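Before any comments, here is the structure.
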């Protein structure tokens, strides 16, 4: 049992950590509720009192029936007559027959109904059997996480009742066997071995030959998958022996298949083929298509190895027909893998590619990391819930004992004095613990922020690198030169970041001895500054260095290079064209003083206090602190050199960094040429992606992303089909959105100034662009960040590095959704169609209010006897004509003129029906038509009938 309780121990260890504890509790909440309901149900419902003779009597009626229709009829008779136990047993056996015929969905329905009936009457034996049967059904379908939940519940329920009957023991063994099979499928052989050996022990106690055979075979499979073929063969022989004693044709056939697998792995292909064929001959007459599939696939595989192509394709065809009929995803994945191998070797590469893609998709659907994590969480949650119930039970017992105690009044005074002293000590301890807890919480928050930001830094270049690499693989005709430059540029940026992180780590941990040298530090710094002159000239920035005298001192050349490089790189990053950067070096009071000043944008007062923290981001609009680690590295270098670094800045005027280091001359090792690589650390640059704006009726996508390479890659997913517009930050993106009224917005989350969440909020609050769907793409993939994005109004949330197919699919689906909304809005606001689209999404209140305002503006012009001018209506809505056009077109699918025409016809309909005495000419005049013939033509175009016929059809 020790392996089965590893989940319990792991849960305790995880929950000792406050963050892991919160995460465990959050994830386990739904399952905890289910487990608690199961527990309460088992406590509150009466336990069935069927004795052994009553159960045998029911079994004697049900077990001889081997026909599904007859069992179904018998179950209905039991249910009609009120024989609940008979109904449950009939459902159980009928479900087994259906499962043996690979009719898994029908079997699942039968067993689920049996579970409900057993649970309703509190029959624990049948309840546990039903849970195990449902778990086995889900295993056959391939839904392993749900299957594990049912087997665990069965095992938990069977252990909560001290029933020692043979049926109860068999139930426990079935639960363990099901869990062992799931662990084996997941590759958790240690847990599988533990569960299966416990199941085998139980089968031996029950003297069940078939049960022992099944567990011996499963244990042999574990050894086979580990590569221990001799041990596997020993267990398979034991399984064959038990199957022979139990007269199980299915077990004997499967043992022959296991023997064939061993021979195949030993490359004894003739023997393997013989064993597989013998297994198939036994299974031919069986209706168990699930196990027959395994044998057919094995025969196809061995014939492929032996180059018997005709036989291979015959077996594959049979296997495919069965697998598709019973909807076995797992078998279909194996079948298409064999098709892929055959097609590749025969040179049919088109078929090979199609088969490979299909096999991969099927394999991914059988088991993926999300499902594995969910399965492991289920294991932890169930064990934790059981432990919590035991603790609650013990606590309840303890409280009952305390309530029975009678504390003497004579000890009350002494107890109060002791209590007061204990309370004082407790409050003091609590205060200290709370202080420590707050300190730990702050450290944890800093650590979490650090790793969140560093993840963002890594994911941004990786998104570009991986995406472009996939594009290069897909399109062999692509000119790779420009793509390779982008990949190289992002890779160099990533390497620089990693090197800086390693530098910080090395300086913090004091690994190795710094390479101290003695020499003229002014000349050394001049070489570093000189390496930036070409870059400064190309960007029209004045770079100068001032130093009065030579300064000879001890210094670490590597430290100097990194410090000056990072300060100059930071200055260049935030200094505009025609700005100035100056480096001043002097000695003062036995200290080296280096001043690096720029005329850039400056740093906010809030950011100045935290400018040297790794990955600190200033959320103000004037963002001056980068997301790199350069300044943090400089701070570590100064601490290691017993120096200091300070910063002075004023927004809009510039920033000055001041370094002070003590001057010493203790080192005898002189400075040699080329001691350090003085290559400049230039700010990262990339070409700006170019906007491609189409006509008014062209679908427009707005990409808001501060990393230009990422923006270009995202836009590249759409530029062949849509017009693409780019914005380098949230503020510019919002301005472009209001100007252009795009059909879709794709935005990053973490950006300078206005971040992605604020962009979403302002878009949703804007009457002009509230309808535009939004996709957020970000490296922040926590559940909390996703929820915040949805609350802010995002329609989709993708994590970097994203899948380009998923992005395009999401975008297409959102745009298709807008098309459905157009039909919805047109129907709701103008009532032109009698058949409303039932599948259309729900209309938003803000968009309905907008259309109501448009209708009011149009009717106001009509009632004033004026011609309806689109430009005037747009002005009344506080929009430009372009904005008004794209808004109306996006909501209704009509141009503004067409939509206004339909509003006028709507009013005409109302007048025709409600004012039968009014002439048609008067109706036309009141609806803004100066010419009666134009009114009739327009009415018939929109409504399908003439005004006269419409009045005749709708007036009583």
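The values are calculated or read from the model by the stated rules, or taken from the named source; none is laboratory data. Predicted, not measured: the structure shown is a model, and the values here were computed from it. Positions of Cβ are backbone-derived with ideal geometry, glycine not excepted, and every protein chain shown enters the neighbour counts.
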The condition from (1) surrounded by 12 or more Cβ atoms within 10 Å (Cβ to Cβ); (2) part of a helix (DSSP H, G or I); (3) modelled with pLDDT under 70 that residue 451 misses is numbered (1)
Lone unmet requirement of (1) modelled with pLDDT of 80 or more; (2) under 19 Å from residue 565 (Cβ atoms); (3) outside any strand (DSSP E or B) for residue 657: (3)
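Residue-wise test of (1) more than 30 Å from residue 737 (Cα to Cα); (2) in a helix (DSSP H, G or I); (3) free of Cβ contacts under 8 Å to residues at least 24 places away in the same chain; (4) touching a helix residue (DSSP H, G or I) at 6+ places or on another chain (Cβ under 7 Å).
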residue: 874; (1), (2), (3), (4): no, yes, yes, yes
residue: 884; (1), (2), (3), (4): no, yes, yes, yes
residue: 887; (1), (2), (3), (4): no, yes, no, no
residue: 900; (1), (2), (3), (4): no, yes, no, yes
residue: 908; (1), (2), (3), (4): yes, yes, no, yes
residue: 936; (1), (2), (3), (4): yes, yes, yes, yes
Determine which single condition residue 500 fails, assuming it passes every other condition in (1) in a helix (DSSP H, G or I); (2) modelled with pLDDT of 80 or more. (2)
Could you pull out the residue among 166, 141 that is in contact (Cβ under 8 Å) with a residue 40 or more places away in the chain and under 27 Å from the mean Cα position of the chain (by Cα)? 141
Helices (runs of 4 or more DSSP H) (entirely within the stretch 196-287) containing at least 1 residues that are over 30 Å from residue 316 (Cβ atoms): 209-226, 229-246
Answer with yes or no whether residue 538 is assigned by TED's automatic domain parsing to the domain that holds residue 579 and touching a residue at least 12 places away in the same chain (Cβ under 8 Å). no
Condition broken by residue 494, with the remaining ones in (1) out of contact with any helix residue (DSSP H, G or I) (no Cβ under 8 Å at 6 or more places or on another chain); (2) at pLDDT below 80; (3) under 30 Å from residue 716 (Cβ atoms) satisfied: (1)
Failed condition for residue 780, given (1) part of a loop (DSSP other than H, G, I, E, B); (2) over 23 Å from residue 884 (Cβ atoms); (3) modelled with pLDDT of 85 or more, with all others met? (3)
Can you tell me which residue among 893, 944 is at pLDDT below 80 and surrounded by fewer than 18 Cβ atoms within 10 Å (Cβ to Cβ)? 893
Checking the condition touching a strand residue (DSSP E or B) at 6+ places or on another chain (Cβ under 7 Å) and either modelled with pLDDT of 85 or more or under 17 Å from residue 567 (Cβ atoms) (or both), which residue from 529, 556 passes? 529
I'd like to check something: does the stretch 679-693 contain any residue that is part of a helix (DSSP H, G or I), farther than 30 Å from residue 605 by Cα and modelled with pLDDT of 65 or more? no
Within the stretch 516-616, considering only strands (runs of 3 or more DSSP E) that don't extend past its boundaries, which have at least 1 residues that are more than 23 Å from residue 642 (Cβ to Cβ)? 542-547, 580-587, 591-598
If I filter the stretch 185-210 down to residues being in contact (Cβ under 8 Å) with a residue 40 or more places away in the chain and surrounded by 19 or more Cβ atoms within 10 Å (Cβ to Cβ), which single residue comes out as nearest to the chain's Cα centre (by Cα)? 191
